[in-house]
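Worksheet: one structure, shown below.
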Amino acid sequence: MSNEGWLLFEHGYDQAAAVQNILREQGYSQVASAQDLAGNDRMTWGRKLLVL
């Protein structure tokens with residue numbers, strides 16, 4: 001069983017930077033965002049080692 005997990009979610013068009021900062025502060029790595037069809041950052045994700 002893997003002890004790594006990904007968190008992916010959609011957010012408001014102007015929230016990517018704040019969400020990325022929150023994820024990094026919480027220990028997530030590989031934090032990134034993707035754009036919607038209008039070119040707005042709309043989805044952000046990060047990877048974290050889980051404590052089981």
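Descriptive notes on the structure:
- Solvent-accessible surface (1.4 angstrom probe) belonging to Val51, in square angstrom, nearest 10: 140
- For Cα Rg over 2.2 N^0.38 Å, calculated from these coordinates, the label among (i) 1.01; (ii) 1.30; (iii) 1.20: (iii)
- Between Gly39, Gly27, Gly12, the residue with the greatest mean-square fluctuation in the GNM of the chain (Cα pairs under 10 Å linked by springs) is Gly39.
- Each Cα pair under 8 Å and six or more residues apart adds its sequence gap; the mean of these over the residue count of the chain is a relative contact order of 48 percent.
The values are calculated or read from the model by the stated rules, or taken from the named source; none is laboratory data. Bear in mind the structure is a predicted one, so any value in this text is a computation, not a measurement. SASA here: full protein model, heavy atoms, side chains in, ligands and nucleic acids out. Shrake-Rupley method; radii C 1.70, N 1.55, O 1.52, S 1.80 Å.
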